[in-house]
Amino acid sequence: MIEPFLITNNLVGYVDGSIPCPSKTLPVTEGVTFPKENPNYPIWVSNDAYVRMLIISTISKASFRHVQGTTSRDLWFSLKKAYAPHSTSREYTLKTQLLRIEMHDDETPDAYLNRAKEYADVLIAIGEPVKDKDLGMLVVSGLREEYNGLKTTITARQSPTAFSELHALLSDHDYMLGKTRASVPSITTSFAANNALGSLSMTEPRQA
């Protein structure tokens with residue numbers, strides 16, 4: 001989770017409000033004609049943008065619809081507001097959806113992984129995180145039949161496959177499957193052409 005990282009790096013104040021945004025300029029003092037730029041302001045803006053980037057990097061694409069505001073605090077609370085309501089029935093529904101997750105016939109690997117990540121993100125938000133290895137196993141289990149070979153390979157591993165590894169594994173599988181399918185027509189065409197040539201040579205009339 002990102003919150004422990006923010007705490008250990010003294011950045012949590014940007015999302016909980018304890019490190020508020022300073023004013024752009026310093027108070028005008030006697031003898032000063034124009035306001036002087038506050039040197040702490042650009043530092044705060046830079047740090048806040050960094051925290052915002054960290055938060056965004058940890059959420060799924062599907063969760064982006066909940067992102068609101070221009071500061072890390074705005075973003076943090078928009079996500080908490082979207083996912084905070086916690087009830088036993090909500091927890092049960094989310095866990096059931098994840099336990100029974102299956103890849104739809106028309107669903108791309110990216111869409112499938114994003115759907116699983118969204119369920120996991122919501123469970124994290126309500127304080128019921130799923131272990132990464134468990135999430136990976138559930139997602140692999142729900143893959144379509146065309147991925148059976150990959151499922152066998154993954155489940156045969158001695159160490160569990162992390163959820164973060166699945167995107168590359170699925171992409172490689174689809175690439176190899178595409179190459180295999182592309183080679184089939186060319187082999188069939190070549191075989192048909194050879195048969196046609198053989199037939200022509202056999203039926204060619206003899207010259208007197």
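General remarks:
- Within-12-Å neighbourhood charge of S141 [Cβ basis; K, R +1; D, E -1]: +1
- Listed peptides 69-76, 88-95 appear in the order 69-76, 88-95 once ranked by packing, highest mean of other Cβ atoms within 10 Å at the front.
- Length released on extending from D110 to H167, taking residue separation times 0.36 nm less the Cα-Cα span: 19.8 nm
- Among 170-177, 47-54, 115-122, sorting by the average number of other beta carbon atoms lying within 10 angstrom of each residue, highest first, gives 115-122, 47-54, 170-177.
- Rounded to 0.05, the FRET efficiency of the I7 and R100 pair, given R0 = 41 Å and the Cβ-Cβ distance, is 0.70.
- Taking 7 Å steps out from each Cα toward its Cβ at Y175 and E146 produces label points 1.7 nm apart.
- Using a simple spin-label model with pseudo-atoms 7 Å out from Cα toward Cβ, Q68 and M53 lie 2.6 nm apart.
- Hz values of 3J(HN,Hα) by residue in segment 115-125 - Karplus curve (6.51, -1.76, 1.60), Gly and Pro given as x: 5, 5, 5, 5, 4, 5, 4, 5, 5, 5, 5
- What the Cβ-Cβ distance of A156 and E128 gives, at R0 = 41 Å and to the nearest 0.05, is a FRET efficiency of 0.85.
- Order by protection proxy (mean Cβ within 10 Å, highest first), peptides 124-137, 149-162, 7-20: 124-137, 7-20, 149-162
- For segment 68-155, the relative contact order is 30 percent, taking Cα pairs closer than 8 Å that sit 6 or more residues apart in sequence and dividing their mean separation by the residue count.
All of the numbers you see were taken from the coordinates with simple rules; none came from a lab. These numbers come from a predicted model, not from an experiment. Neighbour counts run over all protein chains shown; Cβ positions are idealised from the backbone, glycine included.
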